[in-house]
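Each value in this text was obtained by applying a stated rule to the coordinates, not by laboratory testing. Quantities reported herein were computed from a predicted structural model and do not represent experimental measurements. Don't worry about glycine lacking a Cβ; one is built from the backbone with ideal geometry, like all the others, and counts go over all protein chains shown.
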């Protein structure tokens, strides 16, 4: 009885499995699938799989992915108005440089959370809320990207958001932005 | 005569009629009050009695969703009245004197209406004649006799029905067109104006001596039952309107100032508008769910894609039962432990806005 805690498990988990120890293997492989899709199909960078909440250090409901998209994935409509105004000011400032140039909107890409899911899953509001309660507004900066200067946090990012990545059995992945709260739609 | 022109104040709480489990508003004042002050639009469901086949133009009554009725009741702005019961009771108890008084009131309003439409006709006629260069002063000297052109006469006749609908109700015109005011004039008088076509059948004119009182008679049919009846008393046992599970999301969005329309057209429960739906595009196609209700991700994908394609966001939301319980406990414990319940208060209703990521 007392020696039970000290006995070695018959099969030691692989190093990869150890980092995921709190989650089921199908959820681990799903996170890796989404990470792979983002990296190679959508050219995302700085991709990481998170198993523990950065807020509470508790295990997350399922492994989440974070990463940096090649361009901004979401611009809030109010921010877009500001960016357009600023771009207009800049264009007026150097009118001599390029007359016919269009508005150059500058929106730096931001790190995003990605929630990996499968199409045949059922979800509930409770579980969705648990995911949001466990994450920060912006994913924590990875150690590998320490050389890049810390961007000031976007003042427009006032609600949490995740990218809902839904994978079908044929490995198609679709992405939807989910905001935690009432966020007005973009003017597409 | 026309309370819709100058908004009359509505006394709260006002009654909402429940007829066969539908919530109806019959008074135009209350309907506009709801829209102005409570962000409640509802749907007009009444056909126009005179033009019942024109059923794309609907009028009062206004049907409100059970959710809308519930929000109004919970705000203390309205109360539910079982219309059938109230009608049976109240009209049985109505005395003969009251009935006669009301009928007289209707007669009086009808006369008022006749007078004002008569005046309107006069003004139009005046205007039309002025346009033709025939000034009114001359006409009145010559005992109000003029050959009217067929064109101006027909426009006046075509326009007049638009003024017959007032907020009092629908006005039935007297079917007998036997007013003495409309008199055909002889060719001798028409000869005063040689240029006008001397067609006596069309050249009619209002006899200014007898106008107003004996022109077409209007009969007013009231569209509301209170008045003539006094507002029915509030029934404390009436209970709140029964609402579907999506109600918490509706209440939450409504509390944020959103207007709502039924969501069938976009496959959801509610379409939420940031302002009056006549002025704004809708922001959300919202679906309300229970906290532990399972939903398919395919619904999220489909809803999100459709909503983004129509410049909206798809929304799922519901009431966090745990947060409600916690808050309830906190508010009860607040007196004992003296902590800060407002700070700890979690969001009772959670909503998630979903948009296509365009990846």
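For the reader, a short list of remarks on this structure follows.
- Look at the stretch B:318-324: the mean tally of other chain Cβ atoms within 10 Å of its residues' Cβ atoms is 2.
- Size-normalised alpha-carbon gyration radius of the range B:244-359, reference 2.2 N^0.38 Å: 1.23
- Shielding by partners for peptide A:116-124, expressed as the average number of C-beta atoms from other protein chains within 10 Å of each residue's C-beta, is 4.
- For the peptides B:229-240, B:74-85, the ranking by mean Cβ contacts within 10 Å, running from highest to lowest, is B:74-85, B:229-240.
- Here the range B:256-300 is treated as a Stokes sphere of Kirkwood radius computed over C-alpha pairs; at 37 °C and 0.692 mPa s its diffusion coefficient rounds to 286 µm²/s.
- Every Cα-Cα pair in the range B:10-93 was counted, and those over 22 Å apart are 28% of them.
- The mean number of partner chain beta-carbon atoms within 10 angstrom of a residue's beta-carbon across peptide B:347-354 is 6.
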